[in-house]
Amino acid sequence: MRHFLIFLLLVFLGIQSNAKSFRDKLLAELKNTPKNQDKSILFNRIAHAVRETNLDSAIYYSRKGLDLATDIGYPLGIAENAASLGDFYVQYDSLDKAKENYILAIVYFKQLDKKYDLASLLKIVGNIYLSQSNYSEALLFYKNSLVVSERNNYTDILPHIYNNSGLIYQHLKENQKALTNYQKAYEGFKK
């Protein structure tokens with residue numbers, strides 16, 4: 001048992017060391033990258049590299065990437081960094097800030113015609129509204145996500161939309177709509 005615990009500790013330290021090494025490489029690369037599109041995305045990569053160890057730093061780097069992308073007019077950098085900020089603010093349970101950043105990302109993913117990212121974020125914003133018991137807004141975002149997902153056959157997104165829509169309809173005492181959505185969710189999850 002003792003050997004197993006030592007082995008687990010070594011594995012954990014190795015993972016930590018690799019993550020630190022990766023983060024350090026990204027930070028070194030950041031110093032040598034001019035203020036351009038690559039730097040905007042690099043800020044986002046660094047934010048994700050430090051996310052598990054320091055959420056404040058992750059927000060800092062994503063914000064830097066978003067600001068740079070905005071300054072140089074780089075839509076993909078704006079979308080990616082705003083979406084990351086949304087994720088980080090969800091971790092902080094700051095849902096209004098998360099929503100604000102996700103909606104910014106949605107605007108740019110739509111402009112860039114990145115349909116999968118668009119459908120995913122529409123669903124996530126719907127989830128936030130659902131958690132805040134704002135059912136009409138949640139349904140609006142779910143329906144928009146549903147349209148994009150059905151048109152593009154995003155079978156991994158659809159069951160979640162149906163399930164959460166079912167939750168809303170159940171709460172609103174619209175049992176037939178709830179049942180219909182739950183059945184679609186069940187079929188989607190089976191696949």
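General remarks:
- The selection criterion, being without any contact (Cβ under 8 Å) to a residue 24 or more places away in the chain and either under 25 Å from residue 45 (Cα atoms) or surrounded by fewer than 24 Cβ atoms within 10 Å (Cβ to Cβ) (or both), holds for residue 134.
- Residue identified as of a type outside the set (Asp, Glu), modelled with pLDDT under 95 and in contact with a helix residue (DSSP H, G or I) (Cβ under 9 Å, 6 or more places away or on another chain) among 189, 141: 189
- Selection of region 48-86 for residues being over 18 Å from residue 98 (Cα atoms) and open to solvent by less than 40 Å² (accessible area, probe 1.4 Å) yields 49, 50, 68, 69, 74, 75.
- Evaluation of residue 106 against (1) open to solvent by 50 Å² or more (accessible area, probe 1.4 Å); (2) in contact with a Leu (Cβ under 8 Å, 6 or more places away or on another chain) (one fails), failing number: (1)
- Residue in region 17-25 that is part of a helix (DSSP H, G or I) and either buried (at least 17 other Cβ atoms within 10 Å of the Cβ) or modelled with pLDDT of 85 or more (or both) present: yes
- Helices (runs of 4 or more DSSP H) (entirely within region 94-180) containing at least 2 residues that are within 13 Å of the chain's Cα centre (by Cα): 95-111, 115-131
- Failed item in (1) under 21 Å from residue 115 (Cα atoms); (2) in contact (Cβ under 8 Å) with a residue 12 or more places away in the chain; (3) surrounded by 14 or more Cβ atoms within 10 Å (Cβ to Cβ); (4) not aromatic (Phe, Trp, Tyr), with residue 166 passing the rest: (1)
The values are calculated or read from the model by the stated rules, or taken from the named source; none is laboratory data. All figures in this text were calculated on a predicted structure; none of them were measured in a lab. Virtual Cβ from ideal backbone geometry, glycine too; neighbours counted across all protein chains shown. With ligands, DNA and RNA removed, areas are computed over all heavy atoms of the protein, side chains included. Shrake-Rupley method; radii C 1.70, N 1.55, O 1.52, S 1.80 Å.
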